[in-house]
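Scroll down for the structure; my scribbles are underneath it.
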């Protein structure tokens, strides 16, 4: 019998992709914001106390940085309090929780990445701090859990999967619409083909309890990464100069490097490679290379 998995935020990009490619291995039950109000933590706890599951894959969150800054109390209930309530229920029922965390835990670090799983988080955004609070609580209180710290995931739309904005999608839009678009110069972050997470989900869900970074290697700034993508899409040097513009203002006060070290997940068999390889793999998968 397949393990019963409740997926929160079920209509989101990562949840949809994981469900699509793991339907043969898990019995998924989808829970979206329209079915359960994650701004009401006690209602969330009540739902999971009554639900039938072996594992919770918790992806539901308000990941909009501006929303978290504008309404820190409201988004804290969604991103932190409800997640901890689910974790409490899982612990009480001896069930596993797989929690979707983020690279944003490290956007306040003064030293450069990539950061391993043992590095303590330091964030300068409400969203990062909200996720870090759940991350810390789970590590301190649970014995049966998996925390997935994701880098910036990218991919392209497919049936039943609504893709989130990623580096590839942003560059592709700029190229197809001939719309000059700015990309951050003062930033390094890992950018990862989301298919790797979908392909490795089974291994991660059954991994020893702990934290796993899901991130392919990258040594390019976001601006240079965008230029690389444009060239792989067939743009001439002139087109790259006209369409891929440097944003020198964002993070001008402090260069941000919140890259993650994905070697621990890679050792499990999650097929993480490099940003350049990921771009080529994704373009080949969608017939664009």
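Restricting the search to the range 255-274, which residues are over 21 Å from residue 201 (Cβ atoms) and surrounded by 18 or more Cβ atoms within 10 Å (Cβ to Cβ)?
Result: 256, 257, 258, 259.
Are any residues in the range 96-134 assigned to a loop (DSSP other than H, G, I, E, B), free of Cβ contacts under 8 Å to residues at least 60 places away in the same chain and either buried (at least 18 other Cβ atoms within 10 Å of the Cβ) or within 17 Å of the chain's Cα centre (by Cα) (or both), and if so, which ones?
121, 123
Restricting attention to the range 264-280, which residues are part of a helix (DSSP H, G or I), under 14 Å from residue 218 (Cβ atoms) and touching a strand residue (DSSP E or B) at 6+ places or on another chain (Cβ under 6 Å)?
Result: 275, 278.
Scan the range 166-180 for residues that are in a loop (DSSP other than H, G, I, E, B) and loosely packed, with under 11 Cβ neighbours inside 10 Å and jot them down. Talk me through it step by step, then tell me what you get.
Narrowing the range 166-180 to residues in a loop (DSSP other than H, G, I, E, B): 166, 178-180.
Answer for the range 166-180, where residues must be in a loop (DSSP other than H, G, I, E, B) and loosely packed, with under 11 Cβ neighbours inside 10 Å: 178, 179.
Within the range 232-249, track down each residue that is loosely packed, with under 15 Cβ neighbours inside 10 Å and either under 13 Å from residue 170 (Cα atoms) or free of Cβ contacts under 8 Å to residues at least 60 places away in the same chain (or both).
If the condition is that a residue be loosely packed, with under 15 Cβ neighbours inside 10 Å and either under 13 Å from residue 170 (Cα atoms) or free of Cβ contacts under 8 Å to residues at least 60 places away in the same chain (or both), then 234, 236, 237, 238, 241, 249 are the ones that fit.
Report, by residue number, each residue of the range 65-76 that is surrounded by fewer than 21 Cβ atoms within 10 Å (Cβ to Cβ) and assigned to a helix (DSSP H, G or I). Reasoning before the result, please.
From the range 65-76, those surrounded by fewer than 21 Cβ atoms within 10 Å (Cβ to Cβ) are 65-67, 69-74, 76; that's our starting set.
Across the range 65-76, the qualifying residues are 65, 66, 67, 69, 70, 72, 73, 74, 76.
Checking the condition in a loop (DSSP other than H, G, I, E, B) and either surrounded by 15 or more Cβ atoms within 10 Å (Cβ to Cβ) or on the phi > 0 side of the Ramachandran plot (or both), which residue from 252, 207 passes? Steps first, answer last, please.
Working: 252 fails: either surrounded by 15 or more Cβ atoms within 10 Å (Cβ to Cβ) or on the phi > 0 side of the Ramachandran plot (or both).
Step by step, each of 252, 207 is checked, and only 207 is in a loop (DSSP other than H, G, I, E, B) and either surrounded by 15 or more Cβ atoms within 10 Å (Cβ to Cβ) or on the phi > 0 side of the Ramachandran plot (or both).
I need the full set of residues from the range 183-218 which are touching a residue at least 40 places away in the same chain (Cβ under 8 Å) and over 23 Å from residue 106 (Cα atoms), in order please.
Applying the first criterion (touching a residue at least 40 places away in the same chain (Cβ under 8 Å)) to the range 183-218 yields 183-205, 207, 209-218.
Those that are touching a residue at least 40 places away in the same chain (Cβ under 8 Å) and over 23 Å from residue 106 (Cα atoms): 195, 198, 199, 200, 201, 202, 203, 205, 207.
Conditions first: (1) in contact with a strand residue (DSSP E or B) (Cβ under 7 Å, 6 or more places away or on another chain); (2) within 25 Å of residue 193 (Cα to Cα); (3) touching a residue at least 24 places away in the same chain (Cβ under 8 Å). Residue 11 passes all but one, so which condition is the exception?
Of (1) in contact with a strand residue (DSSP E or B) (Cβ under 7 Å, 6 or more places away or on another chain); (2) within 25 Å of residue 193 (Cα to Cα); (3) touching a residue at least 24 places away in the same chain (Cβ under 8 Å), only one is false for residue 11: (1).
For the list (1) surrounded by 17 or more Cβ atoms within 10 Å (Cβ to Cβ); (2) under 16 Å from residue 134 (Cα atoms); (3) touching a helix residue (DSSP H, G or I) at 6+ places or on another chain (Cβ under 6 Å), I need the number of the one condition that residue 90 fails.
(3)
Any read-out appearing in this document is the output of simple, stated calculations on the displayed coordinates, not a laboratory observation. Computed from a predicted structure; not experimentally measured. Virtual Cβ from ideal backbone geometry, glycine too; neighbours counted across all protein chains shown.
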